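The values are calculated or read from the model by the stated rules, or taken from the named source; none is laboratory data. This is a predicted model, so every value here is computed, not measured. No Cβ is skipped: glycine too gets one built from the backbone with ideal geometry, and neighbour counts run over all protein chains shown. These area figures cover heavy atoms from the full protein model, side chains too; ligands, DNA and RNA do not enter into them. Shrake-Rupley method; radii C 1.70, N 1.55, O 1.52, S 1.80 Å.
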Amino acid sequence: MPPAVESQNGAKSAATVSATAAEIEADRQYYAGLPLGLLHPVVLDYGAAAAPGRRRYLTYFVHRHLELRLPEAQAAAELAMEGPNAARLSMGHRGSSCDGGGGGKGSGSPAVIWEKPFDNRPESPFWYAHVESKAVAKAIAARSLLTKVVLELWGEAETLEGLQAAVAAYPEEERIKWGSPEQSFKFVVDTWGCTYTMAQQIEMIESMEGCTRFQGRIDLRNPQNRFWLIVVKSNGRGLPRLPDRYYFGREVAAGDRSVVNMYDLRRRRYLGPTSMDTEMAFLMCNICKVRRCSLVLDPFVGTGSILIPAAHLGAMTLGADIDIRVIKLGKKDKAGRQVNVWTNFRDYGLPPPLGLLRCDLHTAPFRDGLEEVLDAIVCDPPYGVRAGGKKSVAKERQITNRETYIPSTDPYTLAECLHDLLDAAARLLRPGGRLAYFMPSAPGFYFEEEVPRHPALDMVANCEQMLTTRYSRRLIVMEKVKAYDAAEAAAYSEQRGPPKMSIDDMHEYVYKSPAELAAEAGVTLAEHRAAQAARIPRHRGKNI
């Protein structure tokens, strides 16, 4: 039998030494309490019985942004259940005219019941999704950047021999659907924490012949079915040490991360110091369930780095910014050509924004009574670490040239900015619409009770991303759960008092020298640096 195998790791040499029991237990303790990002997930322990009427799929995540994995996959599943057209967009879609968006509502039950990975290790990429249909499972991979593949699991075990026995026991009526003479196939070998030579991979695949009993032809280029053999043997090289495990299953759908390279900031002509990186901008849009014909607003649009992924997903976009120079004038590129937000959209062949407004949420120009017109608000407010916030103020002065006039501004604290952002979202979002924004976080400056709330909005996700040894940022996602009531909102704000957050005082801390911080803490510089390095969990690094 020719080698019907595709390697996912490109390995040329073997490195298959497993972690010791002591090392695995140490990592278990290290990752205990890993936040899941979702605030209200339905999660089962490994091996728990699934709810009736649901199918169990192995969801193999990319090992990045661990706290964003479940929120993104959950949103993709919910989108699939909202209507036949809602989840039709894959990550490979490019914006087009509206021809029908999402329809009806979901069934009311959770879109996904999650089952923890083997050994109940939340940091593991091998989660199980219990969903109502194969279409929902496909949608998770089609719309998730952090999902590598979704598999119909045929077997798993601690050894290769145990896996072969599990696959051999898989129901024959299911096996014959995909292994008949008419069906072409290919094997994909993937490893976690180890590497195998191609010869070793082929040997493993050939050892599976007796239990799979496929009768179809091998097609390495365009097979009808892909079967994954995943080997987990952790060597501790930067990845969580997991118990040895083998998985085998049929590919239901594979993820597509090509958009990260397609919209890489390094090749974009118009950028600013706070332009959102492409991967994170797509993750924000995915968690907000942006789709074809969504109306999406970024009230801090800058260079348009968040609206570009929204337009790629088929949304109609709107932007606003307090700096008229950013949205109107732009700057010169390396070739001396004038570039701005509009040229970014033209360069990618995307539909341009419906409009870009010079305004801020403190004095928003929206007419009274304008409500429930937006599907999503996705943004990165200025929080004073690299760029401080400004708000418009009225000052008496004579305008001699309206073409060059820059309106007056005053400082805008993050607490005040988020208060205005939430109130605008509560008014402008449709029921079920989502708001996503980042806020900074640092020890001694972030307190969960200070995270802004609103009576019309429910928080669905709070995900931390470490940026440096000193501070991180948190992606806050909220969903509109009831109609806006101005009197209720005013009473709620009065009860909470004037907007005030400890993180408004974080700027000085971030830019102090290590020596200054060590002196304030009463420790040596070496002790201070060791404490800072130890503060960053491995699963929250900037690149994870």
For segment 213-235, name all the residues that are closer than 21 Å to Y60 by Cβ and touching a helix residue (DSSP H, G or I) at 6+ places or on another chain (Cβ under 6 Å).
N225
Over segment 477-491, the set of residues open to solvent by 40 Å² or more (accessible area, probe 1.4 Å) and assigned to a helix (DSSP H, G or I) is A486, A487, E488, A490, A491
Is it the case, given these coordinates, that Q164 is of a type outside the set (A, V, I, L, M, F, W, C), at pLDDT 95 or above and surrounded by 14 or more Cβ atoms within 10 Å (Cβ to Cβ)?
yes
What is the number of the single condition among (1) open to solvent by 60 Å² or more (accessible area, probe 1.4 Å); (2) touching a helix residue (DSSP H, G or I) at 6+ places or on another chain (Cβ under 7 Å); (3) not in a helix (DSSP H, G or I) that R529 does not meet?
(3)
Any idea which residue in segment 390-413 is modelled with the highest pLDDT, counting only those that are touching a strand residue (DSSP E or B) at 6+ places or on another chain (Cβ under 7 Å) and not polar (S, T, N, Q)?
Y412
Quickly run through segment 121-138 and pick out the residues that are touching a strand residue (DSSP E or B) at 6+ places or on another chain (Cβ under 8 Å) and either open to solvent by 30 Å² or more (accessible area, probe 1.4 Å) or small (G, A, S) (or both).
A129, E132, S133, K134, A137, K138
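Taking the residues in segment 321-368 that are in a helix (DSSP H, G or I) and among the β-branched types (V, I, T) as candidates, determine which candidate is farthest from L297 (Cα to Cα).
Filtering segment 321-368 down to residues in a helix (DSSP H, G or I) leaves 324-329, 341-348, 361-363.
Checking which are among the β-branched types (V, I, T) leaves us with 324, 326-327, 341, 343, 363.
Working: I324: 17, V326: 17, I327: 14, V341: 14, T343: 19, T363: 16 Å.
Checked segment 321-368; the qualifying residue farthest from L297 (Cα to Cα) is T343.
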Residue check: is Y446 over 24 Å from the mean Cα position of the chain (by Cα) and at negative phi?
no
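Looking at the structure I just gave you, is R292 within 17 Å of the chain's Cα centre (by Cα), of a type in the set (D, E, K, R) and open to solvent by 10 Å² or more (accessible area, probe 1.4 Å)? Steps first, answer last, please.
Working: within 17 Å of the chain's Cα centre (by Cα): no; of a type in the set (D, E, K, R): yes; open to solvent by 10 Å² or more (accessible area, probe 1.4 Å): yes.
So R292 does not fit the description; no.
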Per the list (1) basic (K, R); (2) part of a strand (DSSP E or B); (3) open to solvent by 50 Å² or more (accessible area, probe 1.4 Å), residue check on R474 breaks on (3)
Since L354 meets every condition but one in (1) open to solvent by 40 Å² or more (accessible area, probe 1.4 Å); (2) in contact with a strand residue (DSSP E or B) (Cβ under 6 Å, 6 or more places away or on another chain); (3) closer than 20 Å to H419 by Cα; (4) among the hydrophobic types (A, V, I, L, M, F, W, C), which condition does it not meet?
(3)
Considering every residue within segment 232-247, establish whether at least one is of a type in the set (F, W, Y), at pLDDT 95 or above, buried (at least 20 other Cβ atoms within 10 Å of the Cβ) and within 25 Å of E172 (Cα to Cα).
yes
Just checking, how many residues over segment 260-278 are buried (at least 21 other Cβ atoms within 10 Å of the Cβ) and not aromatic (F, W, Y)?
2
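Can you find even one residue in segment 173-191 that is touching a residue at least 24 places away in the same chain (Cβ under 8 Å), over 29 Å from A135 (Cα atoms), buried (at least 21 other Cβ atoms within 10 Å of the Cβ) and not aromatic (F, W, Y)?
So in segment 173-191, the residues touching a residue at least 24 places away in the same chain (Cβ under 8 Å) come out as 175, 178-191.
Filter once more, so that each one left must be over 29 Å from A135 (Cα atoms): none.
Checking segment 173-191: not a single residue is touching a residue at least 24 places away in the same chain (Cβ under 8 Å), over 29 Å from A135 (Cα atoms), buried (at least 21 other Cβ atoms within 10 Å of the Cβ) and not aromatic (F, W, Y).
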So, in segment 302-333, how many residues would count as being without any contact (Cβ under 8 Å) to a residue 12 or more places away in the chain and either under 20 Å from D264 (Cα atoms) or among the β-branched types (V, I, T) (or both)?
1
If I ask for residues that are under 29 Å from A73 (Cβ atoms), of a type outside the set (D, E) and open to solvent by 20 Å² or more (accessible area, probe 1.4 Å), which ones from segment 139-159 would you list?
A142, K148, L153
